[in-house]
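Here the structure is laid out as structure tokens; the discussion comes afterwards.
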Amino acid sequence: MKNEIQNKLELFTKNAQSIRKEFKWHDSSAKRLAAMIYALNNQEIDCRAIQNSHDLIKDNTGVFSTFRGNMAMGIAAMLSLEENAKDMFASAVAVYEMMKDSKFRASDFLAVAAYEIASLGEKNDYQRIVARAREFYDSMKANNWFRVGEDDYIYAAMLGLSDVDVKTGAERIEQLFKRFKTEFRSKNCVQALSQVLVLSGDCGVAADRVLKLRDALKARSIRLDKVYTLPSLGILSMLTADAETIAQEIDEAQVFLRAQKGFGSWSVTKWELQLFAAAMVAAAYADDTKCGVLTASVSTSIASIIIAQQVVIMTAIFASFVATSAVASSS
């Protein structure tokens with residue numbers, strides 16, 4: 001395993017231990033997400049700074065604001081890494097309102113998308129980026145209205161931040177979807193994968209890399225081709241063509257994580273573990289190559305995509321909990 005990957009894994013697990021006893025009313029998955037965001041930025045976690053950012057969010061939003069929803073901890077963690085958290089959050093709220101004015105619906109995904117644009121875009125360019133994000137979203141919705149929804153807001157924001165032409169990008173997304181729809185079971189996640197890959201430039205090469213990496217991972221019984229993790233497969237394929245090496249490193253990364261305190265099978269699902277392993281490997285490759293993939297800030301882009309997948313995981317876990325509780329009550 002590359003030293004850079006080992007260092008990030010150790011930092012991530014150290015951060016996870018540091019935050020474990022803090023924020024007692026917050027979900028463990030949300031706290032691990034904050035630990036990951038700091039590790040992606042090569043920083044030891046600062047729980048006080050996260051608390052200050054969390055308070056900033058509460059002080060500047062209403063009780064029912066989506067900024068205070070499932071992703072509050074993730075957004076607070078990203079905010080705490082900013083030099084001026086107050087100004088950044090004000091910008092995120094302003095972008096959020098722009099997006100709502102553009103008929104995006106309020107949701108956890110929209111809050112993250114707004115933060116992403118505020119963080120990576122120029123203030124005087126926010127309106128144009130939001131307009132582009134809306135154009136991308138509408139184009140994708142027109143092609144397949146039944147599979148494009150609120151979980152695509154983060155990807156639409158990424159596309160809005162890029163220099164990809166809207167018409168050309170929408171056509172390439174559709175081409176990639178058709179290429180992948182027989183390869184992967186979850187059509188919604190195939191859509192997300194296609195949106196990530198359209199940022200690579202050469203979609204044909206990117207698609208070939210995805211399938212090659214999928215097969216290399218499957219040979220090691222690692223399934224990043226599932227509903228919760230498929231977009232991560234796209235990120236990794238854009239960072240390196242060496243499928244065998246990266247598959248081995250993800251395997252070693254997940255084995256390392258599983259052995260750490262707080263990452264056992266009772267605490268972290270297999271999908272979440274693989275998601276974190278993939279994120280650490282991707283971030284290490286991004287740091288090593290100084291690659292400008294996705295946007296100018298790879299760590300923010302990776303964090304946004306992981307957050308998008310984390311929302312899906314947390315929603316599934318919550319739904320399972322509700323279903324189990326309902327069965328228990330009826331008994």
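The values are calculated or read from the model by the stated rules, or taken from the named source; none is laboratory data. Keep in mind that this is a model prediction, so the values were computed, not measured. Positions of Cβ are generated from backbone atoms using ideal geometry, with glycine treated the same way; all protein chains shown enter the neighbour counts.
Odds and ends about this structure:
- Number of positions in region 248-277 that are over 24 Å from Gln191 (Cβ atoms) and not acidic (Asp, Glu): 18
- Search result, residues across region 7-57 that are among the aromatic types (Phe, Trp, Tyr) and either within 15 Å of Leu79 (Cα to Cα) or over 17 Å from the mean Cα position of the chain (by Cα) (or both): Phe23, Trp25, Tyr38
- Unmet requirement for Ile57, which otherwise passes all of (1) within 20 Å of Leu161 (Cα to Cα); (2) buried (at least 18 other Cβ atoms within 10 Å of the Cβ); (3) without any contact (Cβ under 8 Å) to a residue 60 or more places away in the chain: (1)
- Residues (over 21 Å from Thr13 (Cα atoms) and not in a helix (DSSP H, G or I)) located in region 24-81: Asn60, Thr61, Gly62, Val63, Phe64, Ser65, Gly69, Asn70
- Selection of region 16-32 for residues being crowded, with 22+ Cβ neighbours inside 10 Å and touching an Asp or Glu at 6+ places or on another chain (Cβ under 9 Å) yields Lys31, Arg32.
- When region 255-272 is filtered for residues that are of a type in the set (A, V, I, L, M, F, W, C) and either at pLDDT below 90 or in a loop (DSSP other than H, G, I, E, B) (or both), the ones remaining, listed by number, are Ala259, Phe263, Trp266, Val268, Trp271.
- Residue match in region 199-217 (condition: surrounded by fewer than 20 Cβ atoms within 10 Å (Cβ to Cβ), under 26 Å from Asn143 (Cα atoms) and basic (Lys, Arg)): no
- Looking only at residues of region 66-105 that are in contact (Cβ under 8 Å) with a residue 40 or more places away in the chain and of a type in the set (S, T, N, Q), we find that the one that is nearest to Met36 (Cα to Cα) is Asn70.
- Single condition Arg172 does not satisfy, out of (1) part of a helix (DSSP H, G or I); (2) under 17 Å from Val196 (Cβ atoms); (3) within 21 Å of the chain's Cα centre (by Cα); (4) among the basic types (Lys, Arg): (3)
- Entry remark, region 7-29: residues being closer than 13 Å to Ala283 by Cβ and basic (Lys, Arg) number 1 in total.
- Among the residues of region 179-218, those identified as small (Gly, Ala, Ser) and either under 16 Å from Ala278 (Cα atoms) or part of a helix (DSSP H, G or I) (or both) are Ala192, Ser194, Ser200, Gly204, Ala206, Ala207, Ala216.
- Taken residue by residue, region 90-98 has no member that is touching a Leu at 6+ places or on another chain (Cβ under 6 Å) and surrounded by 18 or more Cβ atoms within 10 Å (Cβ to Cβ).
- So Gly149, is it closer than 24 Å to Met71 by Cα, surrounded by fewer than 19 Cβ atoms within 10 Å (Cβ to Cβ) and among the small types (Gly, Ala, Ser): yes
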